[in-house]
1. Checking H188 against (1) in contact with a strand residue (DSSP E or B) (Cβ under 6 Å, 6 or more places away or on another chain); (2) surrounded by fewer than 21 Cβ atoms within 10 Å (Cβ to Cβ); (3) over 19 Å from V101 (Cβ atoms), which test does it fail?
2. What number of residues within the stretch 143-160 are among the polar types (S, T, N, Q) and surrounded by fewer than 18 Cβ atoms within 10 Å (Cβ to Cβ)?
3. Does the stretch 341-356 hold any residues that are within 17 Å of D371 (Cα to Cα) and either assigned to a loop (DSSP other than H, G, I, E, B) or over 24 Å from the mean Cα position of the chain (by Cα) (or both), and which are they?
4. Pick from K594, K656, K560: which is of a type outside the set (A, V, I, L, M) and in contact with a strand residue (DSSP E or B) (Cβ under 8 Å, 6 or more places away or on another chain)?
5. From the set of residues in the stretch 307-353 that are free of Cβ contacts under 8 Å to residues at least 24 places away in the same chain and among the aliphatic types (A, V, I, L, M), which is surrounded by the most Cβ atoms within 10 Å (Cβ to Cβ)?
6. Could you grab me the full set of residues in the stretch 585-602 that are under 37 Å from the mean Cα position of the chain (by Cα) and either assigned to a strand (DSSP E or B) or crowded, with 20+ Cβ neighbours inside 10 Å (or both)?
7. Would you pick out the residues in the stretch 242-272 that are assigned to a loop (DSSP other than H, G, I, E, B) and touching a strand residue (DSSP E or B) at 6+ places or on another chain (Cβ under 8 Å)?
8. Looking at the stretch 47-64, which of its residues are in contact with a Ser or Thr (Cβ under 8 Å, 6 or more places away or on another chain) and either modelled with pLDDT of 95 or more or assigned to a helix (DSSP H, G or I) (or both)?
Amino acid sequence: MAASSSTDSNLLWYLEKLNNKEFQSVKEHLIQAPLEFELPEIPWLQLRKAQREDLDKILTTNYEAHITWNMMFSIFQKINRQDLCEKIDARRNRNKEAHKVLVSKKPLLQWKEGIYPKANDEFYNSIAPGLLHVFDMIFDPRNNLSSDNFNMFLMGERATGKTVLIKTAMILWLRGDMWKDTFSYVVHLTSHEINQMARSSFVELLSKDWPDSQAPVADILSDSRKLLFVLEDLDNIKFTLNMDESALCSDSRNQVPVLVLLVSLLKRKMAPGSSFLISARPGHQDAMDVLLKETDFSIILNFSDEIRQAYFSSFFKDSRRATIAFKFIHENEILVDLCSVPILCWVVCTTLNQQMHEADDVKLEFQTSTDIYSHFLTNALTSEAGVVAGQHRLVLLERLCWLALEGLMQDVLDFSDQDLRSVGLTEADISVLQTTNILMQSSNCEDHCTFVHLHVQEFCAAIAIMRPLVQTVLPSTFKEKERRAEYNDLSPIMACVFGLLNKKTRDILETSFDCPLLSGMHRRYFLEQMEYLGANPRVMEHHMPLFYCLFENQEEEFVKQIMGFFVEATVLIRENKDLMVSSYCLKRCHPLQKLRLCVQDIFEKKVIVVKTSSSQMRSLDHWRDFCSLLYTKKNLRELEICNSKLDSTSERILCKALRHPSCQLRTLK
């Protein structure tokens, strides 16, 4: 597919269509035109002597292509050569359509049925129209909601639906159902693509998807206000965006380091007036500080209680079951947090629904995420879709868990076909794992797959730790790693290991797969380590990772035995679940004498609250329960509160607990 015909993209062809008088008039207009376009002037003597071939070369050498064509379009209008203007317009319209065809063929933008569970698709289809309407409205210049050089940020944690929303928006644009008169060109970039680049010019960046890398750059940039850049996963870009303005580039033809190119575009040194739609995960404020302006707009994808309840209603269909399941989840902050993104909400609902089918009284007994993952994995691999011979079922589980652990240890989250083969997974195995939604197509890398969610991979890695598996090296280990692939926090895996030490939870896997887990060895090891930590309290910055491990375990005597090593504890509270697991563990810490407490974010009001939300109500309930420790722990003598932010209600609850007749505190800092 050619960008345009050999004639209508050739400036010399247009110049040759002019008679001598018109050509002379063009040269005279070129004396003033550069000033109107704020460009360097062309010496009159050079213009005066120039023939048509000379003028073509002068303009091509001195100005970028889009500037030359915009300037010549203006001059053709002034000399009444409307036929030439119409030919340029026709070429531009043709290239707009050619661009849409190319965009529709991008592999990572092609919509593939069955990637996500059906329940997820149905729920997404019910809430997406509202968000997409905001996308359309915000960028529409008729609404005066956006400004030149406008950035729109789409923020959300892993798997909240950012990529799906962007894909949907682009598909609607391709169909003419969105941004119809707003954008002529949409340039889609991912952090993965950018991280693979070393140096590039803006022209080369625009041309990367065009045949023979020849994009109609002059037409794409003819009106940069009609140009939208979609930049996915800003937080995954491997370099910082803070750089001196003097280092930026304004010439689309110059090849520069990709950092300079990207920041120059974001700062609109090139393509001034263009717009950006940027997705990112929270927690990388440095990049946001560099880019965010007062006139920009942010959307935060957050699975609120109301949206979560809507998901349960959509999934279960039966209102009675939906109500029972939703109420059960909201009694446990660990499960509430587990339902914080759609795909994990599907995992939870699928598991609850399975147990409801098996029990007439729909009694639900799950307490931990390990419970949920154990039942989910077992149900998936023993279901009709995942059914395999009994002996091979264990082999499949081991290969899956082997892949999970080695991936995390080697910073590989997106697996190539070679990675899957290296742990022994066959084509049939992979089909089973994808059919059961344990593995799914990666949204980051073409022809790669990934676990349905990182938490599921962490759980499978915990199983691998408790099995005598042989270490292997994944082929992708030797490839350059992305920023997001760096896996440095092992605490979620350790929490699942503690969860698997619970006999009831462990029995689910051992019975279904005939795979004994090495629980005794790990139990003895953890007891030795906890005794050491109890005797050396300064080794731990705070005790929250331990508390999450013990909450996952839920074995009363084991938890008491470990907490019995600690006479002091440091607690960091940021979320409701922190309060819940801290209370659970500290209630079982009989020797506790000193408590250090840091409370952040959870009670801090960033906006005026007209009505207390259910999450805020739960925060106060958990806080009240936590504060009861101050008068129920008979050995507690010292409380130190540091770097904490409480509101008036939480302060009153704390003060009431401190004034309780049974409070034995002697020191309050």
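1. Among (1) in contact with a strand residue (DSSP E or B) (Cβ under 6 Å, 6 or more places away or on another chain); (2) surrounded by fewer than 21 Cβ atoms within 10 Å (Cβ to Cβ); (3) over 19 Å from V101 (Cβ atoms), the lone unmet condition for H188 is (3).
2. Going through the stretch 143-160 one residue at a time, the tally reaches 3.
3. Matches in the stretch 341-356: T351, L352, N353, Q354, Q355, M356.
4. Result: K594 is the single residue among K594, K656, K560 that is of a type outside the set (A, V, I, L, M) and in contact with a strand residue (DSSP E or B) (Cβ under 8 Å, 6 or more places away or on another chain).
5. Applying the filter and picking the extreme gives I329.
6. Of everything in the stretch 585-602, those that are under 37 Å from the mean Cα position of the chain (by Cα) and either assigned to a strand (DSSP E or B) or crowded, with 20+ Cβ neighbours inside 10 Å (or both) turn out to be C585, L586, L595, R596, L597, C598, V599, I602.
7. C249, Q255, A271
8. Across the stretch 47-64, the qualifying residues are L59, T60.
The values are calculated or read from the model by the stated rules, or taken from the named source; none is laboratory data. Just so it is clear, the model here is predicted, and its values are computed rather than measured. Glycine gets a Cβ as well: all are built from the backbone with ideal geometry, and neighbour counts include every protein chain shown.
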